[in-house]
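The values are calculated or read from the model by the stated rules, or taken from the named source; none is laboratory data. Quick caveat: nothing in here was measured; it's all calculated off a predicted structure. So basically every Cβ, Gly included, is an ideal-geometry build from the backbone, and we count neighbours across all protein chains shown. These area figures cover heavy atoms from the full protein model, side chains too; ligands, DNA and RNA do not enter into them. Shrake-Rupley method; radii C 1.70, N 1.55, O 1.52, S 1.80 Å.
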Amino acid sequence: MSGASGFIGSHLSRFLTEKGYEVVPLSRQHFQPSASRQLADIVAGCDVVINLAGAPIIKRWSQSYKKELIHSRVQPTRALADAILHAGEKPALFISASAVGYYPAEGCFDEYNSRPGDSFLSEVCEQWEKEALRASGTVRTVITRFGIVLAKDGGAFGKLALPARLGVSAWFSPGDQYLCWIALTDLMRAIAFVIGTAEVEGVVNLVTPQLLTNKQFCLLVGEHYKAHIPFKIPGSLLKLAMGEAAVSLMEGQCVRPVLLMEKGFSFRVPDLQHFLLTLDK
């Protein structure tokens, strides 16, 4: 697993270990050109390769950081695909992360109705996925497009809920953009489901079935924390604080997890109301 020390990777490593898997974490050293043979040998000894590498999106994008966003995803993915292609004994499955940022901000999409947008994030996802798909003719390859991953012990939720904890239901302008998310518990279960379901291949959207706009999401969080002051965060303020990265909050994608549900996956946290209830447990 690449990215095993990150927020999602560390939780997923524990989850899979508890299920009886042995998780082999990959470090940056494994992705150096001089380590290509070693990486191929590691891959040859594994049943599943999971790629979660990538620098955080929610950060001000300088030109150098935009290059880092692409490089931190493309280079490890390319190295893993090469390792799979050159491994003496092939793994059964390659799971490579991507994001719902692949899709346009206009329209609703699923795995059967899919096209890339024209934003910088779409470009990042396209390059990221292209490298992973190089392995698809050799091993079963699954591209998991993540929504925002929510958990009560870290990740994005703490930042999204901070205004509500201070008494303000604050949403990002314009407010009608969709906010696709998935509970960390369901994301981990979905990855285990993909591992155990041989007919799952290609793109899989890892988002909840519930469709919420940014405003609806933030108002529900505000209700949970008894925040009574509604407030729209102006786009000009977001752009001042985050620069070009503000587009990742001001635009959103309408995405449905059709393939998961078709194959029989059942969400334990199917909507935001269920997730908010887990915060009190």
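Brief remarks follow.
- Residue that is surrounded by 20 or more Cβ atoms within 10 Å (Cβ to Cβ) and in contact (Cβ under 8 Å) with a residue 60 or more places away in the chain, where the choices are VAL258, VAL269: VAL269
- Number of the exception - ALA4 against (1) of a type outside the set (Phe, Trp, Tyr); (2) surrounded by fewer than 18 Cβ atoms within 10 Å (Cβ to Cβ); (3) free of Cβ contacts under 8 Å to residues at least 60 places away in the same chain; (4) touching a helix residue (DSSP H, G or I) at 6+ places or on another chain (Cβ under 9 Å): (2)
- Tabulated pairs, region 73-95, first under 18 Å from VAL23 (Cα atoms), second basic (Lys, Arg), C-beta under 7 angstrom, 6+ apart or interchain: ILE84/LYS90; ALA92/ARG140; LEU93/ARG140
- Considering residues of region 24-81 that are outside any helix (DSSP H, G or I) and over 21 Å from the mean Cα position of the chain (by Cα) only, the residue farthest from GLY243 (Cα to Cα): GLY45
- Applying the set (1) modelled with pLDDT of 95 or more; (2) out of contact with any Pro (no Cβ under 7 Å at 6 or more places or on another chain) to VAL49 leaves exactly one unmet item: (2).
- Residue in region 218-227 that is within 17 Å of the chain's Cα centre (by Cα), among the aliphatic types (A, V, I, L, M) and more than 24 Å from ARG115 (Cβ to Cβ) present: no
- Check on SER13, open to solvent by less than 30 Å² (accessible area, probe 1.4 Å) and either within 23 Å of the chain's Cα centre (by Cα) or free of Cβ contacts under 8 Å to residues at least 12 places away in the same chain (or both): yes
- Qualifying residue in region 224-234 (condition: among the β-branched types (Val, Ile, Thr), in contact (Cβ under 8 Å) with a residue 40 or more places away in the chain and buried (at least 17 other Cβ atoms within 10 Å of the Cβ)): yes
- Residues of region 158-168 classified as free of Cβ contacts under 8 Å to residues at least 24 places away in the same chain and within 12 Å of LEU279 (Cα to Cα), total: 1
- Residues of region 103-126 that turn out to be touching a strand residue (DSSP E or B) at 6+ places or on another chain (Cβ under 8 Å) and surrounded by fewer than 17 Cβ atoms within 10 Å (Cβ to Cβ), as a count: 4
- Count of region 157-190 residues which are assigned to a helix (DSSP H, G or I) and either touching a Pro at 6+ places or on another chain (Cβ under 7 Å) or within 23 Å of GLY252 (Cβ to Cβ) (or both): 14
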